[in-house]
Amino acid sequence: MTPRASPIVVAITGASGAPYAVRLVEQLAAARRTVSLIVSSHGWRLLGMEAGIADADALRARVGAAAWDRSVTVFDDGDRGAAPASGSARTSGMVVCPCSMGTLAAIAHGTSRSLIERAADVTLKERRPLLLVPRETPLSVIHLENMLRVSRAGAIVMPAAPGFYHEPTGIDDLVDFIVARVLDHLDVEHRLSARWGGAAPRRGGDA
């Protein structure tokens, strides 16, 4: 399996930002990239509260059954023996979107109490791309120190802070702004947002 064909690990935790997570999985599936999906218990609660998605079947329906079945494999966050927990299982990197401050702290300190935390630990030790998308405000000194710690370890901290220079007309445009940046760092082609100096694409563009 070539590195580009390797799965991208996507983790969804309990920080606010379910629309980012759903759009990210949609775009990865549309791009025909293999996704190893892990959702924490708080992540499922978040999906229910913010996106009306109660379980994996509902998420599959939102993403699209054909794209989901082709691209997505779901792993139990409680199974620390699953494939994403091992460095011998090749991946193209990992993104935690959204990333709670609790998950960030666990990654920063290597506690690995869940599959999400262990997979992130593995991603760091194997020197693969790790993107963390926190959504919290204000930030305490502890939060900032943990962000600095993971950044020094090799992770990319990408706060869910959308820009406005592209003149967004709705929430969907703000969501796409962040998801586009995540996809760029995962080296996944998309048409979610304009490059600097380019024409803005319309919502709904596939990756």
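Take the stretch 68-93 and flag every residue that is assigned to a loop (DSSP other than H, G, I, E, B), under 19 Å from residue 40 (Cα atoms), in contact (Cβ under 8 Å) with a residue 12 or more places away in the chain and of a type outside the set (Asp, Glu). Reasoning before the result, please.
So the first thing to find is which residues in the stretch 68-93 are assigned to a loop (DSSP other than H, G, I, E, B), and the list is 77-82, 86-93.
Still in the running and under 19 Å from residue 40 (Cα atoms): 77-82, 86, 93.
Imposing the further condition that a residue be in contact (Cβ under 8 Å) with a residue 12 or more places away in the chain reduces the set to 77-80, 82, 86, 93.
If the condition is that a residue be assigned to a loop (DSSP other than H, G, I, E, B), under 19 Å from residue 40 (Cα atoms), in contact (Cβ under 8 Å) with a residue 12 or more places away in the chain and of a type outside the set (Asp, Glu), then 78, 80, 82, 86, 93 are the ones that fit.
Take the stretch 157-171 and flag every residue that is in contact (Cβ under 8 Å) with a residue 40 or more places away in the chain and exposed (fewer than 14 other Cβ atoms within 10 Å of the Cβ).
Within the stretch 157-171, just 171 meets the criteria.
Pick from 172, 184, 121: which is more than 16 Å from the chain's Cα centre (by Cα), in a helix (DSSP H, G or I) and of a type outside the set (S, T, N, Q)? It would help to see each step written out before you state the result.
Details: 184 fails: more than 16 Å from the chain's Cα centre (by Cα); 121 fails: more than 16 Å from the chain's Cα centre (by Cα).
Checking each option against the conditions leaves just 172.
Can you name every residue in the stretch 116-130 that is surrounded by 24 or more Cβ atoms within 10 Å (Cβ to Cβ) and in contact with a helix residue (DSSP H, G or I) (Cβ under 6 Å, 6 or more places away or on another chain)? Talk me through it step by step, then tell me what you get.
Within the stretch 116-130, the subset surrounded by 24 or more Cβ atoms within 10 Å (Cβ to Cβ) is 116-120, 123, 130.
Across the stretch 116-130, the qualifying residues are 117, 118, 119, 120, 130.
Residue under question is residue 71, and the condition is that it be at pLDDT 95 or above, buried (at least 17 other Cβ atoms within 10 Å of the Cβ) and not hydrophobic (A, V, I, L, M, F, W, C); does it hold? Write out each step before concluding.
Values: at pLDDT 95 or above: yes; buried (at least 17 other Cβ atoms within 10 Å of the Cβ): yes; not hydrophobic (A, V, I, L, M, F, W, C): yes.
When the stated conditions are applied, residue 71 passes them.
Yes or no: the stretch 191-203 includes at least one residue that is buried (at least 21 other Cβ atoms within 10 Å of the Cβ) and within 17 Å of residue 28 (Cβ to Cβ). Show your work before the answer.
If we filter the stretch 191-203 for residues that are buried (at least 21 other Cβ atoms within 10 Å of the Cβ), which is where we start, we get 192-193.
Within this subset, residues satisfying the condition of being within 17 Å of residue 28 (Cβ to Cβ) are 192-193.
For the stretch 191-203, residues buried (at least 21 other Cβ atoms within 10 Å of the Cβ) and within 17 Å of residue 28 (Cβ to Cβ): present.
Identify the single condition in (1) buried (at least 22 other Cβ atoms within 10 Å of the Cβ); (2) over 13 Å from the mean Cα position of the chain (by Cα) that residue 39 does not satisfy, given that it satisfies every other one.
If we test residue 39 against (1) buried (at least 22 other Cβ atoms within 10 Å of the Cβ); (2) over 13 Å from the mean Cα position of the chain (by Cα), just (2) comes out false.
For the structure I just gave you, tell me whether residue 96 is of a type outside the set (Gly, Ala, Ser), part of a strand (DSSP E or B) and surrounded by 23 or more Cβ atoms within 10 Å (Cβ to Cβ). Spell out how you get there, then give the answer.
Values: of a type outside the set (Gly, Ala, Ser): yes; part of a strand (DSSP E or B): yes; surrounded by 23 or more Cβ atoms within 10 Å (Cβ to Cβ): yes.
Criteria met by residue 96.
Determine whether the stretch 51-62 contains at least one residue that is surrounded by fewer than 16 Cβ atoms within 10 Å (Cβ to Cβ), hydrophobic (A, V, I, L, M, F, W, C) and at pLDDT below 95.
No, the stretch 51-62 has no match at all.
Could you say whether any residue in the stretch 38-60 is over 28 Å from residue 106 (Cα atoms) and touching a Phe, Trp or Tyr at 6+ places or on another chain (Cβ under 8 Å)?
So far as the stretch 38-60 goes, yes, one or more of its residues are over 28 Å from residue 106 (Cα atoms) and touching a Phe, Trp or Tyr at 6+ places or on another chain (Cβ under 8 Å).
Quick check on residue 154: is it surrounded by fewer than 16 Cβ atoms within 10 Å (Cβ to Cβ), within 19 Å of the chain's Cα centre (by Cα) and modelled with pLDDT of 95 or more?
Yes, satisfied.
The values are calculated or read from the model by the stated rules, or taken from the named source; none is laboratory data. Keep in mind it's a predicted model, so treat the numbers as computed, not measured. Positions of Cβ are generated from backbone atoms using ideal geometry, with glycine treated the same way; all protein chains shown enter the neighbour counts.
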